[in-house]
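A short worksheet on the structure shown next.
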Amino acid sequence: MKNIMAFSVGVFFSATLLAQNPPQLKVDNIDEVIAAMTLEEKVHLCIGTGMDGLSGNAPVIGSTRSLLPGTAGTSYPVPRLGIPAVILSDGPAGLRIDPIRDFDSKTYYCTHFPIGTALSSTWNVDLVRQVGNAIGEEVLEYGSDVLLAPALNIHRHPLCGRNFEYYSEDPLLSGKIAAAYVEGVQRNGVGTSVKHFVANNQETNRNGDDVRVSQRAMREIYLKGFEIVVKEADPWTLMTSYNKLNGTYTSERKDLLTDILRNDWGYQGMVMTDWFGGKDAVAQMEAGNEMLQPGRTEQYEDILNAVKEGRLDEGILDRNVKRILQLILKTPHFKGYKASNKPDLQGHAALTRQSAAEGMVLLKNDAALPMPEVIHRVGAYGCTSYDIIPGGTGSGNVNSAYTVSLIEGLRNAGYVVDKNILARYQSYAHEAKKKNKREGSFDQLAMFAPPRLTELVPSATELQEESVENDIALVTIGRISGEFIDRSRSNFKLTNEEAQLIEEVCNAYHSQGKKVVVVLNIGGVIETKSWDKEPDAILCAWQVGQEGGNSIVDVLSGKQSPSGKLPMTFPINVDDAYSSKNFPMDTPAAINMESFMKQKVEGQNRKNIDYTDYEEDIYVGYRYFDTFGKAVAYPFGFGLSYTTFGYSGIKGKNDGSVCKVSVKVTNNGKFAGKEAVQLYVTAPKSKLNKPAEELKAFGKTGVLQPGESQVLTLSVPLEALASFSEKKSAWVVDSGVYAFKIGASSRDMKGEVTLKVKGFKKAVSNSLKSQEKLVLLK
């Protein structure tokens, strides 16, 4: 009895001592800290601290949001255990925070880099790594911990509203660019959150859409980019997507978040929801979605009650808490880093100028570019020439200190911009804005995709006079892109006014023997075939970041030779994309914050709104167009230069684990330039349907002077040749002869080598089955 009493007293005093002197979080005592946490603290740690302006959704009294004004969210702090709040901030074109603060004369502007599509158009992983490093420095020096970026969902359809911040229709290019971005950011000791995991390929009803897709397409197309970035760059966190996947929200799928992500790929980081993503907080905990952002009261109560009632094993909660603590241990806030609020904005401005220029794609050039030295006076047409679009809207927007217009860029380079044309556009824009304000019209979606002005078409007399006065004409066509809303069929085509503007400017200037260049300041694919014969040159500049005007003029003037290549196919008509059969074409996205918060109404079954069948299966983008011989406006990987390149000496070798192909690239022209070299593989005939060719590696030369050469060696691990067999639940490499093709685009092969490969298979978890019978393209 004395021993029992002594033991009880000892336990009592130990518990009392622990309560008075709780452990403080350190690298080597995570389990001890978890044991010291109350159930309520554990649940709080798995929930964010709420979101400004949304009453009733904050799960805590008081918040940590004021730690960094304008940040997206924070984790829950537990000061008594030495657990600080972690700050999560939007990206991916740069850090997004509030630039101006109350009672503070300083400013906190961030660098607006080019959109994701522009970065992938560089095909330059070293440059993207530099961009990531610069953004990471701003994350660190402005006091954040995790950047909610990059975004690498597939360009399944040309009209997806969020394609601007996604990289490509190809998973390899997407994964490699994303991996470089993550490596760059995380060099600074801050984290990334790779998003949106997975298949967030439309914005229409993104919170309720059920993506119905085969296991093979999911593995080969939609998951592959994430797999590459997880294995090559080890991102600190991943963010689950809003949509359902084969009937279940992604954030609630254990087979996705545990079986594939952790067991198949070996991921060790943390998973968070997108803001207000998913529905069942308990199911999210069980699946391995450790943190729910931004956090809601009902989520806290659901998890707490589930543990108390035995519906949720507290061991699962402990597992999730441990992964969150492992993240916190890495962060600047835990390490006590004192942010300087002084990142190298000047250096980063130079980098965004360079990266934007390198991502521009020259689609056409009939001896118009680079602009000859005799060009001095420029006639700039199109409303976007005077109101450049630096990036998309929504969480991908950046609060930068300035945006360089095309007019400013031209003047900075010494060109004279026609003042009469400038005055006309300024007057037109002023009157149009006054009219809109006077009418008081308000489009609920305008906050997400601000409307552009109807294009101004000068009179024939004005154009004739200006074509005499100026040496060249520039016509800029703009398209805004944004979160929450998909683009429409009409947005894909030029408006009548835009088409008329191009036609009439070309007629006037060509009558004087002068050139016309069209600049596309766009976030996604548009139609070009109906008008591309009219101008002398077409430069796809994308949405170009804060130095946009300077970047565009660097390319137009020849200061930098274009070396961008398309990361997607430009179809002739939007309906040419097979996925158009299963995409919300011209469906208005009836979005407001109230309906956004409430998710969807259960029981609805609207095609391409409440569910979307991915009938095209693996035949996305060029895999469809090239395999089925469909004509396109511009193929995947296409892009012109001011010089020409020769390819020679193509050699290949299979060493038993990696196939290596080398090629000598020579600058045969008169201008210095870079070339992006693409390696496609055609597999031998198989029981599985396969595309005509698939991108398996790529590389980019340095700047080659005229006559200079460089040998590139591109490597393809044998496992990268595998296709996914649903029947075997395995990656299968067929035995046979594979053709390794060196190309300048998917339709411009420069040569090939054939290599024999011995087949093998690698079994993985049998996951992501669809409950629906899909009729797949074969």
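Here ARG487 fulfils each of the conditions (1) assigned to a loop (DSSP other than H, G, I, E, B); (2) farther than 30 Å from ASN153 by Cα apart from (2).
Annotation note: of LYS224, LYS244, the sole residue that is on the phi < 0 side of the Ramachandran plot, in contact with a Phe, Trp or Tyr (Cβ under 9 Å, 6 or more places away or on another chain) and either among the hydroxyl-bearing types (Ser, Thr, Tyr) or open to solvent by 10 Å² or more (accessible area, probe 1.4 Å) (or both) is LYS244. Within segment 109-123, does at least one residue satisfy the condition of being in a loop (DSSP other than H, G, I, E, B) and either open to solvent by 10 Å² or more (accessible area, probe 1.4 Å) or without any contact (Cβ under 8 Å) to a residue 12 or more places away in the chain (or both)? Checking segment 109-123: at least one residue is in a loop (DSSP other than H, G, I, E, B) and either open to solvent by 10 Å² or more (accessible area, probe 1.4 Å) or without any contact (Cβ under 8 Å) to a residue 12 or more places away in the chain (or both). Of everything listed in (1) in a loop (DSSP other than H, G, I, E, B); (2) at pLDDT 95 or above; (3) not aliphatic (A, V, I, L, M), the single unmet condition for ASN205 is (2).
Of the helices (runs of 4 or more DSSP H) entirely within segment 266-340, those holding at least 3 residues that are of a type in the set (Gly, Ala, Ser) occupy 281-287.
Evaluated against (1) in contact (Cβ under 8 Å) with a residue 40 or more places away in the chain; (2) hydrophobic (A, V, I, L, M, F, W, C); (3) closer than 20 Å to VAL764 by Cβ, ALA287 falls short on exactly one condition, (1). Take the conditions (1) under 29 Å from ALA401 (Cβ atoms); (2) part of a loop (DSSP other than H, G, I, E, B); (3) touching a residue at least 12 places away in the same chain (Cβ under 8 Å); ALA368 misses just one of them, which is (1). Among the residues making up segment 459-484, those that are assigned to a loop (DSSP other than H, G, I, E, B) and within 40 Å of the chain's Cα centre (by Cα) are ASN470, ASP471, ARG479, ILE480, SER481, GLU483, PHE484. Where helices (runs of 4 or more DSSP H) fall wholly inside segment 1-100, the ranges with 1 or more residues that are modelled with pLDDT of 95 or more, open to solvent by 80 Å² or more (accessible area, probe 1.4 Å) and of a type outside the set (Lys, Arg) are 30-36. Among the residues of segment 489-513, those that are touching a helix residue (DSSP H, G or I) at 6+ places or on another chain (Cβ under 8 Å) and open to solvent by less than 40 Å² (accessible area, probe 1.4 Å) comprise PHE492, LEU494, VAL505, ALA508, TYR509. Residue check: GLU314 meets all listed conditions (1) acidic (Asp, Glu); (2) open to solvent by 10 Å² or more (accessible area, probe 1.4 Å); (3) over 30 Å from LEU81 (Cβ atoms) but one, namely (3). Among the residues of segment 274-284, at least one is in contact with a strand residue (DSSP E or B) (Cβ under 8 Å, 6 or more places away or on another chain), buried (at least 17 other Cβ atoms within 10 Å of the Cβ), polar (S, T, N, Q) and without any contact (Cβ under 8 Å) to a residue 60 or more places away in the chain. Checking GLU232, GLU183 one by one, the residue that is closer than 28 Å to THR74 by Cβ, part of a helix (DSSP H, G or I), open to solvent by 10 Å² or more (accessible area, probe 1.4 Å) and not hydrophobic (A, V, I, L, M, F, W, C) is GLU183 and no other.
Scoring SER144 on the criteria (1) part of a loop (DSSP other than H, G, I, E, B); (2) within 16 Å of the chain's Cα centre (by Cα); (3) not hydrophobic (A, V, I, L, M, F, W, C) leaves a single failure, condition (2).
Could you list all residues from segment 352-365 that are touching a Leu at 6+ places or on another chain (Cβ under 8 Å) and in a helix (DSSP H, G or I)? Answer for segment 352-365, where residues must be touching a Leu at 6+ places or on another chain (Cβ under 8 Å) and in a helix (DSSP H, G or I): GLN354, SER355, GLU358, GLY359.
Being surrounded by 14 or more Cβ atoms within 10 Å (Cβ to Cβ), of a type outside the set (A, V, I, L, M, F, W, C) and on the phi > 0 side of the Ramachandran plot holds for only one residue in SER686, SER729, and it is SER729. Within segment 329-375, work out how many residues are open to solvent by less than 20 Å² (accessible area, probe 1.4 Å) and not hydrophobic (A, V, I, L, M, F, W, C). Looking only at that region, the number is 8. Being crowded, with 23+ Cβ neighbours inside 10 Å, of a type outside the set (Asp, Glu) and at pLDDT 95 or above is a description that does not apply to VAL468. Looking at LYS254, LYS244, LYS224, LYS176, which one is modelled with pLDDT of 95 or more, charged (D, E, K, R) and closer than 23 Å to GLN130 by Cα? That would be LYS176, the only listed residue that is modelled with pLDDT of 95 or more, charged (D, E, K, R) and closer than 23 Å to GLN130 by Cα.
The values are calculated or read from the model by the stated rules, or taken from the named source; none is laboratory data. What you see is a predicted model, and the numbers here were worked out from it, not measured in a lab. Glycine gets a Cβ as well: all are built from the backbone with ideal geometry, and neighbour counts include every protein chain shown. Ligands, DNA and RNA are excluded from the accessible area calculation, which covers all protein heavy atoms including side chains. Shrake-Rupley method; radii C 1.70, N 1.55, O 1.52, S 1.80 Å.
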